[in-house]
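Below: one structure, written as structure tokens.
Read-outs throughout are calculated quantities, based only on the coordinates presented, and are distinct from any laboratory measurement. Bear in mind that the values here come from a model prediction, so they are computed numbers and not experimental data. A quick note on method: Cβ atoms are made from the backbone with ideal geometry, for glycine too, and the neighbour counts reach across all protein chains shown.
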């Protein structure tokens, strides 16, 4: 058995890596991660430096951890500003840290890769290798964000667990969009119908594309929308046209691009990805404001698609209580954290416990506004 740290995922066999992924998750796939690296969406410029851990046995990949050496918390969606500030207050360095996550992607998925039968022997080796890297580079901590299936292992290893909340849509075996609407309270159902009708009456045409059908001009338009969104919010656009075109070619059937045409021009776009069971909303942008178009392109089109293709869950992205009125319910998300400095362990443990209580109360409170009819 051999354990290595790699800084380029292209050095790993694509088929062997993808064979360890569950649910055909697009963000964990070799193609997606390689496109991020190839098109400079990660690296020292953005503070996401690849440090993937791999385990081979008889030259066969049996385990891997998606891992980055971090020098900021940009694009993580699990906020640790308070921890960073506490370290600075006491004259300590919070960075570098190690983070197992998909850059700029607050979507659930595996972070430690292994066949189910190998998890018990592979997961401890991956974690041990990561903690040794922390010691070697003097990293303050290790963080695993939005893992799917690894939380119980992290609890056993006494990592601190943080709870948070997103808003997800669940498919109750709906036959069509009207069947979904029929399960909503009358006022919510009426509101959604009005929003969709107003978009249609304004003459907006939604084009549904995938990696095969989207053209060069379509991706150029969407890249412009993506950049515009970040510039308006004073953010940093880390993805680029080269990246979008690359994943369209390498993951064509797992990409959904909804483009909106208005008065003869393409004015908005929404980019989504899909696994075998989930739909993931990721990016939205527009060059012209059209009433309710955001809801149509980012939520209703996705719900329709999920129903038609029998996907179980639609994760539209982080935050946004406005999603509740449109059928998305508060859903617990989790992350795991290891802290190297002994003096900070107890305060951070206490922080996580208090935060969990707050999140539980918040979810309970939001659920009082459940948009669905009671059984």
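Take the Cα radius of gyration of region 127-214 and divide it by 2.2 N^0.38 Å, with N its residue count; two decimals is plenty. List each step's numbers first, then the result.
Working: Rg = 22.9 Å, N = 88, 2.2 N^0.38 = 12.1 Å.
The value comes to 1.90.
Shape call for the chain from the C-alpha gyration tensor, a ≥ b ≥ c root eigenvalues: rounded (a/c under 1.5), prolate (a/b greater than b/c) or oblate? Note, shape of the chain comes out prolate. Relative to the globular-protein estimate of 2.2 N^0.38 Å, the Cα radius of gyration of region 66-162 stands at 1.09. Taking the fewest neighbouring Cβ atoms within 10 Å as the starting point, the ordered list for 218, 13 is 13, 218.
By the count of other C-beta atoms within 10 Å, a proxy for reagent exposure, 34, 315 are ordered fewest to most as 34, 315. Hydrodynamic analysis of region 193-338 uses the Kirkwood radius over alpha carbon pairs. Inserted into Stokes-Einstein at 4 °C and 1.567 mPa s, it gives a translational diffusion coefficient of 81 µm²/s.
Based on C-alpha pairs under 8 angstrom that are at least 6 apart in sequence, the chain has a relative contact order of 20 percent. If you wrap the tightest convex hull around every Cα atom of region 1-148 and split its volume per residue, you get 105 Å³. Sorting 267, 205, 366 by the number of Cβ atoms found within 10 Å of their own Cβ, with the fewest placed first, yields 205, 366, 267.
Please determine, in degrees from 0 to 90 and to the nearest 10, the orientation of helix 216-232 with respect to the longest principal axis defined by the Cα atoms of the chain, where the helix direction is its Cα long axis. It is inclined by approximately 70 degrees.
As a length-normalised measure over Cα pairs under 8 Å and 6 or more apart, the relative contact order of region 172-311 settles at 29 percent.
The separation of region 164-227 from region 19-60, counted between C-alpha centres, amounts to 30 Å. To the nearest ten degrees, helix 119-137 and the longest principal axis of the Cα atoms of the chain are 70 degrees apart. Against the longest alpha carbon principal axis of the chain, how many degrees, from 0 to 90 and to the nearest 10, is the axis of helix 342-366 turned? The helix 342-366 is inclined about 20 degrees to the chain.
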